[in-house]
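So the structure is just underneath, and the comments pick up after that.
The values are calculated or read from the model by the stated rules, or taken from the named source; none is laboratory data. Predicted model, so just to flag it, every value in this text is computed and none were measured. When we count neighbours, we look across all protein chains shown, and the Cβ atoms used for this are built from the backbone with ideal geometry, even at glycine. For the accessible areas, the whole protein counts, side chains as well, though only heavy atoms, and no ligand, DNA or RNA atoms are used. Shrake-Rupley method; radii C 1.70, N 1.55, O 1.52, S 1.80 Å.
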Amino acid sequence: MVLWLLILIPMLAAPLAWIGQQWSRHAARWIAVGALAIDLCLALLLWSQDRSAQPSGHGSWLFESQTSWIPRWGISLHLGLDGLSLVLILLTAFLGLVAIVASWTEIQRQVGFFHYNILLALGGVIGVFLAIDLFLFFFFWEVMLVPMYLLIAVWGHTHRRYASFKFFLFTQSGSLLLLVAIITLAFLHQHATGKLSFDYADVMGLTLNKEMAWWLMLAFFIGFVVKLPAPPFHTWLPDTYTEAPTGASIILAGLLAKTGAYGLLRFTVPMFPEVISDFAPIAMGLGAMGILYGAVLACAQTDIKRLVAYSSLSHMGFILLGVFSGTELALQGAVMQLVAHGLSTGALFMLVGALYERFQTRDMRQMGGLWGVIPRGASMALFFACASLGLPGLGNFIGEFLVLFGSYSAQPFVTILASIGMVMAAIYSLAMMQRTFFGRQHETRLAPDLSNVAFGTLLLIAVLQVWFGLYPRPVLSTTKPAMEALVQPALPLPNLTHPLSESLPLSNLFTSHVSTP
Amino acid sequence: MILQDFIALAPMLDLGAFCIITMLAIAFKRHHATIAVFAFMSCLLTMATLPWAATATPRTVTALLVVDGYALLYMGLVLSATMIVIGLSYRYLKIHFREQEGIEEYYLLLLLATFGGLVLTVSAHFVSFFLGLELLGLSLCSLIGYVRTRRHPMEAAVKYLLLSISASAFLLFGMALLYFESGSMTFRGVGMVVKQVQTVPGLWLGGVVLVFVGVALKLGLAPFHMWIPDVYQGAPAPITAYIATVSKGALVALLLRFVTDVGALELPSLVHLFGLLAVASMVTGNVLALFQQNVKRLLAYSSIAHVGYLLVALLAGGAVAAEAVTFYVIVYCAMTLGAFGVVTVYSREGGDAERFEDYRGLFWTRPWLAAILALSLLSLAGIPVTAGFIGKFYAIAAGVDAGLWWLVSALIGNSIIGLYYYLRLIVTLFGEEPAPATLPQGQAAQATQTAGWTTVCSLGLVASIILMVGVYPEPLMELIRDSVRNLLMVAVQRP
């Protein structure tokens, strides 16, 4: 029941926020904040529960809830929570709050409807992280799309129509592919056992022939990677991220992209052990390609929001790399990267939004020397630019480092290529700082600095970044059982070169390098 | 005939009697509201006889009619759609006609067309098939041209008439060929021929194809779809809704029974042919809809595509297919009624609100209306939480189960194309509303047609059906499953 509450609180608060618009302009915002705060508390409560049982995530869950829904198709309302979902739900509630704070002053038109959409989208995202019935998963997967589309289409920037269409069409194409794969799995289960079932545990148990597994895996992979995204399915990303209003950009980059990664971790990798080891090099190659491609294009941008968008694409490549590397270390790194990137990108988009709100431009050629104008914003930008480029001591570093360290044993060449991305991240992040905040002031402009609320929020994110950078244990130990379960059956390493890196206890690793910064 | 036959036929007898009574009532006293209520009650009372009739099913009444759960289900669909159309029409007619202009026959024609639809759902014989089709088609002809003060409806009526005639011609020729080969006019008798002989006679095949062409013409399946956009655009909005739902629903009921009884899907050549038509229909409908600037035409082209989706489900064959088709039709009726219902409410005296411009910013001025339209469009596009998603899920599932990979992938590709134009209309609803000053004088007053309680109820009902089936489809699935089982049982009981 508590799992349903997590989903239902934002979903039910959504119409309330819409109606709340009539009472006062701020009512909608406060209702949204309240709902997400309750959700966050609930998730924290779940986190504080005893996890000594070490549920592996596959078949055994920390919390579970199952009710019949459409028995004719063997579909049930089956929710399950393990460490991975828990971490991501915490992230969802937190980034949701950040998104609302970020749009506090930006959104002045149709406030109630805006928050209605935000809450609905977040409810869908939480549902995605919880659903373990494949049909239900798909249901939530789609539920978050329409409000997201409206957020972009109604409150976006100049080319919002184009961007919103592109977003919807791309993600929907991926989704439909996914749907066919899901239905096929259900029917395969029927052919094998005589019973239709969309349940995760049932479908996991299927043994597929290689050709079928290959096709299905590909459909699952594409469905999720479109959301992630990685080349060549990424073309919607820069337009969408750029044209969306700040709050929606935060949710898109911080959460929606994570649902793709979650799908890969939860479904693609464990469900098709027959072919995943053959496919892993290709996926990792795509990941490395995404890292480099995103980084190169980020360097070439003049639009600051586009730069952040491409950098986001680049960082998501690390996740793809980690997910398919097949070592626990890299998988843990990928999860860490999910959290850390969500936080840092959210903050960066918030800052970019603040800049746009003040100067009505996103063109970095018209900026410069803004440090003196908005010192609070500039210092925060510097911090998050550093976080984004992977400065040791901050969350992103842990994620990227673990991914690279963990994948080296599986694919050394690809990993070396990918690590170039970290160097390039330094280039574009610092270039962004230089062109925006340092140098000669373009023209004398005065603008109010960040508001206390916005500054406080960013500060909070910064604290979290430092915390995860210095002491990532809480996150890693929460997701450890789920990641261990992923490694054991699924991925026999093609050539196990360094057994050491696998057997090395994680805790040792952290104590050893955490002391370095 | 014995008592059981009469019980089984109760819905038809009931509606037939009511048609006559309504006619007499109009002759006796012309009063719009009374007749409208009368027509509505006729349908409602006919609905009420359905459970009673169900006690006597499945039953073959004479050689012409088969009343089974399946037929009763479609009757329910036809009748409820008619009731919603009546609800939508009342207000619409009041705006387009002054008093004392004789608008009561509209309801009589509607009831007659519905009666034709009922005949189609139970027919298992070419005679009843043809009679039902003509009754439906001719009534529709007059209905399409009913708003005689406008040019478009007349044009549309003539087009529909020509279409009906050519469809009948194809059908009659096909029937003649089938009769020649089998010596029987019942569907099952026609099917027997193929079971007995080794090779399928060419004329028989031609006959089935011609009958199929006749039905396809009426359904608007590509390449027989040319009339659809013009008629949809020209007809008064509630009648467009009627054509799209009642007429199509009844025809699909007939087609499904025909195909099952004749055993057409057991012949690979026919399956290939139908598959080709399905793909053609999906592609034509969706691609042409992309370029529309007229809401009614857009919905018309989308309906062509939807018949294609339907055909994919149909071609899957077997129990799942019958279920999927029925589910899809019901869902399609709900969402089409929603979309055209909004068009109806939003139309003004000069004509229906057709252009995209008319809908710009509707969400900010009339949120409920826009929400229902958006919901219907999302449902047509097959997005979850709406009934359309479950319908599409059913169609895809049927296709996957039968291993029709090419058709399934065509369906998916087309869904994505379709999404584009639905989104285009939805985004218009949320667009900047036009400044009031830009409207010509006097138009603002016309534009604000308020929704009467009949329309509010109809649209509210449709919207709640779309949502409820989208979230909790199990009851409807069970109902369909039970009904379709009857269809198959009858099919299996062939002597």
Quick check: anything in region A:165-172 farther than 30 Å from residue A:418 by Cβ, open to solvent by 10 Å² or more (accessible area, probe 1.4 Å), assigned to a helix (DSSP H, G or I) and more than 9 Å from every other protein chain (Cβ to nearest Cβ)?
no
Residue A:190 polar (S, T, N, Q) and closer than 20 Å to residue A:262 by Cα:
no
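Residues checked against (1) within 14 Å of chain A (Cβ to nearest Cβ); (2) open to solvent by 80 Å² or more (accessible area, probe 1.4 Å); (3) modelled with pLDDT of 90 or more; (4) outside any loop (DSSP other than H, G, I, E, B):
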{"position": "B:458", "(1), (2), (3), (4)": "no, no, yes, yes"}
{"position": "B:464", "(1), (2), (3), (4)": "no, no, yes, yes"}
{"position": "B:479", "(1), (2), (3), (4)": "yes, yes, yes, yes"}
{"position": "B:488", "(1), (2), (3), (4)": "no, no, no, yes"}
Need a quick list: helices (runs of 4 or more DSSP H) entirely within region B:1-85 having at least 1 residues that are of a type in the set (D, E, K, R).
B:3-8, B:10-28
Pairs with Cβ under 7 Å, 6+ apart, first in region A:209-221 and farther than 22 Å from residue A:287 by Cα, second surrounded by fewer than 22 Cβ atoms within 10 Å (Cβ to Cβ)
A:210/A:274; A:210/A:275
Flag if residue A:179 is surrounded by 24 or more Cβ atoms within 10 Å (Cβ to Cβ), at the interface with another protein chain (Cβ under 8 Å from one of its Cβ atoms), closer than 21 Å to residue A:77 by Cβ and out of contact with any Ser or Thr (no Cβ under 8 Å at 6 or more places or on another chain):
yes
For region B:276-305, name all the residues that are farther than 25 Å from residue B:408 by Cβ, touching a residue at least 60 places away in the same chain (Cβ under 8 Å) and open to solvent by 10 Å² or more (accessible area, probe 1.4 Å).
B:292, B:293, B:294, B:297
Among the numbered criteria (1) open to solvent by 10 Å² or more (accessible area, probe 1.4 Å); (2) of a type outside the set (S, T, N, Q); (3) closer than 15 Å to residue A:242 by Cα, which single criterion is violated by residue A:359?
(3)
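Conditions (1) assigned to a helix (DSSP H, G or I); (2) polar (S, T, N, Q); (3) in contact with a helix residue (DSSP H, G or I) (Cβ under 8 Å, 6 or more places away or on another chain); (4) within 26 Å of residue A:471 (Cβ to Cβ), marked per residue:
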residue: A:368; (1), (2), (3), (4): no, no, yes, no
residue: A:372; (1), (2), (3), (4): no, no, no, no
residue: A:381; (1), (2), (3), (4): yes, no, yes, yes
residue: A:384; (1), (2), (3), (4): yes, no, yes, yes
residue: A:391; (1), (2), (3), (4): no, no, yes, yes
residue: A:396; (1), (2), (3), (4): yes, yes, yes, yes
residue: A:407; (1), (2), (3), (4): yes, yes, yes, yes
residue: A:426; (1), (2), (3), (4): yes, no, no, yes
residue: A:429; (1), (2), (3), (4): yes, yes, yes, yes
Residue within region B:360-378 that is of a type in the set (D, E, K, R), touching a Gly at 6+ places or on another chain (Cβ under 8 Å), surrounded by fewer than 22 Cβ atoms within 10 Å (Cβ to Cβ) and touching a residue at least 24 places away in the same chain (Cβ under 8 Å) present
yes
Can you list the helices (runs of 4 or more DSSP H) lying wholly within region B:291-366 that have 3 or more residues being away from chain A (no Cβ under 14 Å) and of a type in the set (Phe, Trp, Tyr)?
B:318-346
(1) more than 23 Å from residue B:345 (Cβ to Cβ); (2) at pLDDT 90 or above; (3) surrounded by fewer than 19 Cβ atoms within 10 Å (Cβ to Cβ); (4) not small (Gly, Ala, Ser): which one isn't true of residue B:46, the others all being true?
(3)
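So that you can scan it fast, the table gives a plain yes or no per residue for (1) under 17 Å from residue B:237 (Cα atoms); (2) open to solvent by 80 Å² or more (accessible area, probe 1.4 Å); (3) in contact (Cβ under 8 Å) with a residue 60 or more places away in the chain; (4) out of contact with any Ser or Thr (no Cβ under 9 Å at 6 or more places or on another chain):
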residue: B:139; (1), (2), (3), (4): yes, no, no, no
residue: B:143; (1), (2), (3), (4): yes, no, yes, yes
residue: B:152; (1), (2), (3), (4): yes, yes, yes, yes
residue: B:163; (1), (2), (3), (4): no, no, yes, yes
residue: B:168; (1), (2), (3), (4): no, no, no, yes
residue: B:171; (1), (2), (3), (4): no, no, no, yes
residue: B:174; (1), (2), (3), (4): no, no, no, yes
residue: B:179; (1), (2), (3), (4): no, yes, no, yes
Within region B:386-413, can you find the residues that are surrounded by fewer than 23 Cβ atoms within 10 Å (Cβ to Cβ), of a type outside the set (Phe, Trp, Tyr) and more than 9 Å from every other protein chain (Cβ to nearest Cβ)?
B:402, B:403, B:404, B:410
Is at least one residue of region B:343-364 modelled with pLDDT of 90 or more, hydrophobic (A, V, I, L, M, F, W, C) and farther than 30 Å from residue A:73 by Cβ?
yes
Just wondering, is there one or more residues in region A:398-405 that are at pLDDT 90 or above and open to solvent by 70 Å² or more (accessible area, probe 1.4 Å)?
yes
Would you confirm whether any residue within region B:92-102 is open to solvent by less than 50 Å² (accessible area, probe 1.4 Å), touching a Ser or Thr at 6+ places or on another chain (Cβ under 6 Å) and farther than 18 Å from residue B:22 by Cβ?
yes
